[in-house]
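Below you'll find the structure, written out as structure tokens, and then a few comments.
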Amino acid sequence: MTAGERSPAAVIVIGAGSAGALVARTIAECPEMGLAVVGFVDDSPDKQERSVEGLPVLGVTADLPGLVSKTGASLAVLAMPSAPGPTVRRIVTLCRELRLALRTVPSLAEILSGAAGVATLREIDASDLLQRSPAPHDPAAGDYLRGARVLVSGAGGSIGTELCRQILRFAPASLVLLDVAENALYEVDRHLRERAAATELVPVLGSVGASAWLHRLLEQQRPNVVFHAAARKHVPLSELNPDEAVLTNVFGTRNLLQACEAFGVERLVHVSTDKAVTAAGVMGASKRIAEQLVSEAARRSGSAFVAVRFGNVLGSSGSVVPLFREQIARGGPVTVGHPDLERYFMTIAEAVSLLVAAGDLGCPGDLFVLDMGPPVRIVSLAQDLMRLSGLAPERDADIVFTGLRPGEALREALFLDAEEPAPTRNPRIRVARPRSPPSPLAPAALVALEAAALRGDPAEIRRRLRDLVPAYPGRPREAPLASTERGWP
């Protein structure tokens with residue numbers, strides 16, 4: 001080392017498995033990173049007193065205080081892609097107490113989806129704290145996509161973009177990217193070009209609200225498989241704009257289903273939401289109707305049209321995590337609707353991998369429900385994000401309770417009381433079987449709802465939604481849900 005050069009920063013790698021070995025090897029091969037691994041810690045008894053990549057396993061995580069003092073380490077790298085949230089939380093707390101900087105490798109879901117490499121280092125975020133033990137990986141879950149012609153509606157959104165990325169791993173013949181937002185479509189097309197290989201990418205600017213246009217598109221492209229992610233998903237904005245929410249979520253779905261039936265689409269996977277169960281607002285009620293439309297189209301056509309219901313996706317556009325980060329960066333306050341507000345969460349990568357798997361499960365008209373784990377208190381999530389930013393909740397930034405927003409429920413559920421959960425061959429996916437044959441949607445009620453939406457009549461829209469979805473209150477729900485509304489059984 002020449003005079004004036006800095007010594008590399010000492011690094012302790014947490015996890016002496018294959019991911020830890022790759023991190024150590026990558027750091028050794030990249031001196032420009034300015035890092036030097038001094039050893040590993042691992043809580044497995046089998047890893048003790050061994051060496052990895054020529055470096056010693058120095059002890060277990062509880063030994064970190066002494067090891068930091070002994071080695072002068074200034075950075076720890078968590079190299080455990082499948083570590084569950086409680087383990088990550090414990091390590092984050094320990095490193096914070098030691099004033100030891102902490103980075104992590106991507107989660108197993110991110111690695112399997114192709115979103116990141118094993119040795120890519122990043123900050124710890126909320127998804128790591130909520131991460132669950134990984135489900136058994138089925139590499140053949142998306143084989144039905146190989147060589148297929150695939151269309152994704154809402155391709156420019158958070159879920160749509162990740163769907164397209166994971167679909168490309170199975171080398172479809174073509175992938176139609178459909179979105180109504182010009183900039184989002186441009187970005188997803190640009191992002192996917194380098195991954196497309198032999199797949200033909202077809203970016204299409206348009207709306208599922210245009211029925212005749214949709215028919216022409218499907219006639220031209222003749223997709224075998226359709227993923228329907230296009231929707232109006234923002235709860236308060238749907239309350240303020242019920243006409244647009246209904247026209248997109250209900251009648252856009254109907255338009256796409258009719259075009260799929262007309263041109264022989266073999267499979268359709270509709271992206272639904274747990275808000276369809278509580279139906280506390282316009283968004284949830286409209287998505288409940290969309291689920292029923294998918295089921296009825298499947299029964300008519302005999303095609304493998306299914307819906308998949310799940311909760312919030314961490315970090316998606318419009319979700320609470322980016323809002324909290326922005327508020328924390330300003331020094332607070334962080335706004336939470338209610339002290340007892342709860343939501344189900346999962347990462348985008350895991351949700352989409354299960355969406356892809358659901359496309360090859362069950363029977364036409366099935367409604368699948370993803371295992372979201374236990375619900376998360378939003379105030380706890382806010383506190384975790386504060387701590388990750390180096391702030392002490394209630395000391396460095398305030399949490400302010402603002403009340404439930406229009407259309408929000410205090411808690412969500414995953415199954416209706418009229419549904420019986422049943423297992424599938426994927427342990428993270430269940431099918432919601434109706435306890436009795438469901439009543440079909442009344443055609444006259446749908447006609448009246450569409451007419452009210454086209455007129456832009458909010459009061460009439462709410463009345464017509466109530467005709468179709470009896471659980472929909474037609475007003476913001478401000479009280480806790482009944483204990484009979486269930487989550488993952």
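Length gained on full extension, residue 140 to residue 71: 20.3 nm, using 0.36 nm per residue less the C-alpha separation. Placing dummy labels 7 Å off each Cα toward the beta-carbon, the span from residue 169 to residue 211 is 3.9 nm. Candidates 313, 335, 356 compared by Cα position along the dipole of region 297-390: farthest toward the positive end lies 335, with charges placed on Cβ. Placing +1 on each Lys and Arg Cβ and -1 on each Asp and Glu Cβ, with no other charges, gives the chain a dipole about its Cα centre of roughly 500 debye. Extension gain, residue 392 to residue 190, is 68.7 nm, computed as 0.36 nm per intervening residue step minus the present C-alpha separation. In loop segments of region 46-105 as defined by DSSP, the GluC sites (Glu not before Pro) with at most 13 further C-beta atoms inside 10 Å of their C-beta are 49. Rolling a 1.4 angstrom probe over the protein heavy atoms with all chains in place gives the chain an accessible area of 43 Å² per residue.
What separates the Cα centres of region 355-378 and region 14-59 is a distance of 37 Å. Count Lys and Arg as plus one, Asp and Glu as minus one, and take only other residues whose Cβ is under 14 Å from that of residue 452; the net charge is then -1.
Only beta bridges with both residues in the chain are counted; by DSSP, about 20 percent of them are antiparallel. Summing +1 for each Lys or Arg and -1 for each Asp or Glu among the other residues whose beta-carbon sits under 15 angstrom from that of residue 327 gives -2.
May I ask you to compute the full-extension gain from residue 25 to residue 405, defined as 0.36 nm times their residue separation minus their alpha-carbon distance, rounded to one decimal in nm?
Additional length available on full extension: 131.8 nm.
Out of the total accessible area of the chain (probe 1.4 Å, heavy atoms of protein only), what percent is carbon and sulfur?
52
Close Lys pairs in the chain, defined as Cα atoms under 24 Å apart and 8 or more places apart or on different chains, number 4. From its DSSP helices (H runs of at least four residues, each -39,500 (n - 2.57)), the chain gives a residue-normalised ellipticity at 222 nm of -10500 deg cm²/dmol.
Under a model in which nothing but the beta-carbon of Lys, Arg (+1) and Asp, Glu (-1) is charged, region 331-489 shows a dipole of about 240 debye around its Cα centre.
Rounded to the nearest 20 debye, the dipole size of region 297-363 about its Cα centre is 240 debye, using +1 on the Cβ of Lys and Arg and -1 on the Cβ of Asp and Glu. For the chain, a/c is not less than 1.5, where a ≥ b ≥ c are the root eigenvalues of the C-alpha gyration tensor, and a/b tops b/c. That puts it in the prolate class. Each peptide in 347-353, 333-339 receives the mean, over its residues, of other Cβ atoms within 10 Å, and ordering these scores from highest gives 347-353, 333-339.
The values are calculated or read from the model by the stated rules, or taken from the named source; none is laboratory data. Here the structure is a predicted model, which means the values were calculated and not measured. Here Cβ is always computed from backbone atoms with ideal geometry, including for glycine, and neighbour counts include all displayed protein chains. Only protein heavy atoms, including side chains, enter the accessible area calculation; ligands, DNA and RNA are left aside. Shrake-Rupley method; radii C 1.70, N 1.55, O 1.52, S 1.80 Å.
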